[in-house]
Amino acid sequence: MANNNLKNTIGKQIFENNFKLDKSKTIIEIYNETENKLERITLKEYRTTEFPATQIWLNYEVKDDGLLLTELLFPFNLNCTTPWELNDTKEIVEPYLKVLQNKTKIDLKKAILIAKKSGLKKITEWDIDYEKRNLVWTLKDKENNVLKINAKNGKIISEIKEIQIE
């Protein structure tokens, strides 16, 4: 049921081709009556607990052309509705959907190539989001150098190089 809600928001084809549920990273929110507080545990831990679940956070890997674009956590309460408004979910996934719908000239592979040509060595992190109404790739390497690339035209917006001071 939760998958269907997300599928309807994102679109069936993109959901089925690019979103993969990662059960090992799914989180269950429980009410621990002994300590009178909410706790977040793994699905594996939930199978052994006596406390009731209040909410489930489904973890999805979002892939584009075989590369991990991002991981997203979506909350669902027990009746499989998300506590977020539909517009909140759309806002969170919108930058990724632009890439998955081929509405950006620069996809992740091209962004990585541009970053490598610009001197980033071992790229460890990347993300895409809006900055000043422009869709921007942010890539970071092992040395914490950061490069921001316009997803529409491939131009470098900013570059931050870490300098080691000893």
Mean shadow area of the stretch 111-161 over all directions, Cα convex hull, nm²: 3.0
Using a Cα-Cα cut-off of under 17 Å, which lysines could be cross-linked to residue 25, ignoring same-chain neighbours fewer than 8 residues away? 44, 63
Rounded to two decimals, the Rg over Rh value of the stretch 2-85 from Cα coordinates and the Kirkwood Rh reads 1.03
For the chain, treating each Cα as an identical point scatterer without solvent, what Debye log10 I(q)/I(0) comes out at q = 0.12, 0.15, 0.18 1/Å? -0.66, -0.90, -1.08
How do 25, 37, 109 line up, fewest other C-beta atoms within 10 Å first? 37, 109, 25
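We did not get these values from a lab; they are worked out from the coordinates using the rules stated. Everything numeric here is computed off the predicted structure, so don't read it as measured data. Here the Cβ is made from the backbone with ideal geometry for all residues, glycine too, and neighbour counts use every protein chain on show.
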